Amino acid sequence: MDDLVDVPESWPVVSHEVKATGRVQNFVEERVVTPTGDTMVRQWVGHPGAVGIMALDDQGRIAVVHQYRHPVGMRLVEPPAGILDMDGERAVEAAQRELAEEAQLAASDWSVLVDLFTSPGGLEESLRVYLARDLRPAPRPDGFVVADEETDMGLAWLPLDTLVERVYAGQVQNPTMVAGTLALALAIATGRVERLRPPTAPWPARTLKEARDRKGA
């Protein structure tokens, strides 16, 4: 069991129905055949995927936003982040765009910090969190318009150690922030930062999603 890792697997789907279609997400119901031959019904939410950015400055601080999230009724501490909803845009390009849009920053040094599924029991969303260093001010991209929650979103710099403490205190709960904070703190503590994956490293979850989407098209 020493080589136990996440692997692709697909159980036969005997029926597929999109129960509701939203602006970003769809609600899907499928009947699936298990390895025992039984049939189970699973409902899940389709999602385009997302990226988040842990922007680390030379003082050990992280650029964070303080954003209202209506579904949970809270204003959350989060890293700059966004969904992968632009055709043909690579994940790292989306991360660079989001960093400029939400924090008005650019970075010369990019690496992959951690990949995760945010809620794999019922949500398709795969998330890649990048580490961005060697930061500099940058304008927002041409054509970008601040709207909705972002019109009331603050930007701040918090020491990484402070974020770690607030995660363990239950004061920071956004999954991108939690995963990025703890992954970065551990990478620094173990000397792993310079051995992180490159920004264009393979992302199996995305490859599988794209194949699944083509099959369902």
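Assign one of three labels to segment 61-124, namely rounded, prolate or oblate, based on the Cα gyration tensor with a ≥ b ≥ c the square roots of its eigenvalues; rounded applies when a/c is under 1.5, prolate when it is not and a/b is larger than b/c, and oblate otherwise. In terms of gyration-tensor shape, oblate.
The angle between the Cα long axis of helix 175-189 and the longest principal axis of the Cα atoms of the chain comes to about 60 degrees, rounded to the nearest 10. The trypsin sites (Lys or Arg not before Pro) of segment 1-33 that DSSP puts in a loop, and whose beta carbon has at most 11 other beta carbons within 10 Å, are Arg23.
Name the residue, out of Arg75, Arg61, Arg128, whose mean-square fluctuation peaks in a Gaussian network model built on the chain with Cα pairs under 10 Å. Between Arg75, Arg61, Arg128, it is Arg75 that shows the largest mean-square fluctuation.
Put Phe27, Phe144 in order of accessible area, highest first, and with a 1.4 Å probe you get Phe27, Phe144.
Normalised size of the chain, defined as Cα radius of gyration per 2.2 N^0.38 Å with N residues, equals 1.10. Placing unit charges on the Cβ atoms of the charged side chains and taking the dipole of segment 94-154 about its Cα centre, the candidate lying farthest along the positive direction among Ala103, Phe117, Val145 is Ala103. Applying a DSSP loop filter and a limit of 16 other Cβ atoms within 10 Å to the GluC sites (Glu not before Pro) in segment 81-117 leaves Glu89. Cα axis of helix 91-103 to longest principal axis of the chain: angle in degrees, 0 to 90, nearest 10? Approximately 50 degrees, to the nearest ten. Each label point was placed 7 Å from the Cα along the Cα-to-Cβ direction; for Glu30 and Ala106 their separation is 4.1 nm.
Would you calculate, for the chain, the mean residue ellipticity at 222 nm contributed by helices, counting each DSSP H stretch of 4 or more residues as -39,500 (n - 2.57) and dividing by all residues, to the nearest 500?
Helix-only estimate at 222 nm: -7000 deg cm²/dmol.
Subtracting the Cα-Cα distance of Ala169 and Val18 from 0.36 nm times their residue separation leaves 50.4 nm of extension gain. With a/c under 1.5 counting as rounded, go ahead and sort segment 105-159 into rounded, prolate or oblate using the C-alpha gyration tensor (a ≥ b ≥ c being the square roots of the eigenvalues; past the cut-off, prolate if a/b is larger than b/c, else oblate). In terms of gyration-tensor shape, oblate.
What order do Ser108, Ser10, Ser119 take when sorted by accessible area (1.4 Å probe), most exposed first?
The ranking, largest first, comes out as Ser10, Ser108, Ser119.
Take the alpha carbon gyration tensor of segment 1-76, find the square roots of its eigenvalues, order them as a ≥ b ≥ c, and report rounded if a/c is under 1.5; if not, report prolate when a/b exceeds b/c, else oblate. Oblate is the answer for segment 1-76, as a/c is 1.5 or above yet b/c matches or exceeds a/b.
The values are calculated or read from the model by the stated rules, or taken from the named source; none is laboratory data. Computed from a predicted structure; not experimentally measured. No Cβ is skipped: glycine too gets one built from the backbone with ideal geometry, and neighbour counts run over all protein chains shown. For accessibility, only protein heavy atoms count, side chains too; no ligands or nucleic acids. Shrake-Rupley method; radii C 1.70, N 1.55, O 1.52, S 1.80 Å.
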